[in-house]
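Shown next, in structure tokens, is the structure this report addresses.
The values are calculated or read from the model by the stated rules, or taken from the named source; none is laboratory data. Quantities reported herein were computed from a predicted structural model and do not represent experimental measurements. FYI the Cβ positions are ideal-geometry reconstructions off the backbone, even for glycines, and counts take in every protein chain you see. Each accessible area value is taken on the protein alone, full model and side chains, heavy atoms only, with ligands, DNA and RNA left out. Shrake-Rupley method; radii C 1.70, N 1.55, O 1.52, S 1.80 Å.
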Amino acid sequence: MRQIFLDTETTGLSADNGDRIIEIGCVELVNRRLTGNNLHFYLNPGRDSHEEALKVHGITTEFLKDKPKFEAVVADLLRYVRDAEVIIHNAAFDLGFLDKELELVAQPRFKEHVNKVVDTLVMAKEMYPGKRNSLDALCDRLGVDNSGRTLHGALLDAELLADVYINLTRGQEALLIDAQGPRHGDPAVPQIDLSSFDLPVLRANEQEVLAHEDVLAQIDKASGGKTVWRVAA
């Protein structure tokens, strides 16, 4: 499965009031592996950033004055994301700006070009109700190194989001990787007949069983009582 992690930086908070995209960063993941096939643009928005936005991303009008307009890169962007699953943190914000930019160049809305859009903010709120779920907060919670994020940047944030997503979904998807079969470029894995082996069965002791139950209870609590094993029981 091809997944694209996308982030934008903008001149302000309101696409409807004339704010524009100044940076787009995309990171590609195929079968839960980073490919290095990333996409990154700085864009000339034709206007200055608001002071508060400038404090967040630090991208000046002077720096952007020789960068391309959105209309010059839209074909490359749409070709890159076509039919992929696109993953965005707080997707409503980025989609609002992308849809406005696409409207200005007479293109359909962003979701019409991709397979689907996944919002990791929605995912995180379901997994960690009542907690802070900003990208920085999730990096801290999941052990993702964000020490280089002194200012927001679309490509860096897309890379961090990919790491966050892999950690958020590790329990859901990690066991599915091998079921997808060998991937292109992977070394051949020798097949071993285990039928002749008498494998010992090591049963958990009482302390290990209690520790296991405690972990399951914590996961169930974090999910709001939605874990399959509790529902099935």
| message | Please go through the range 204-225 and give me each residue that is loosely packed, with under 10 Cβ neighbours inside 10 Å and in contact with a helix residue (DSSP H, G or I) (Cβ under 9 Å, 6 or more places away or on another chain), ordered by number. | response | G225
| So which residues in the range 72-97 are over 21 Å from L29 (Cβ atoms) and touching a helix residue (DSSP H, G or I) at 6+ places or on another chain (Cβ under 8 Å), if there are any at all? | V74
| field | Scan of the range 1-37 for residues that are of a type in the set (A, V, I, L, M) and in contact with a Lys or Arg (Cβ under 9 Å, 6 or more places away or on another chain), ordered by number | value | M1, A15, I21, I22, L29, V30
| query | Going through the range 89-106 one residue at a time, which ones are over 20 Å from the mean Cα position of the chain (by Cα) and buried (at least 17 other Cβ atoms within 10 Å of the Cβ)? | reply | K100, E101, L102
| note | Reported set for the range 110-140 where residues are open to solvent by 30 Å² or more (accessible area, probe 1.4 Å) and under 13 Å from I166 (Cα atoms) is M123
| query | Of all the residues that make up the range 32-71, how many are of a type in the set (G, A, S) and farther than 17 Å from F97 by Cβ? | reply | 2
| query | Taking the range 152-164, which residues are closer than 17 Å to V81 by Cβ and either in contact with a His (Cβ under 6 Å, 6 or more places away or on another chain) or open to solvent by 10 Å² or more (accessible area, probe 1.4 Å) (or both)? | reply | L155, E159, L161
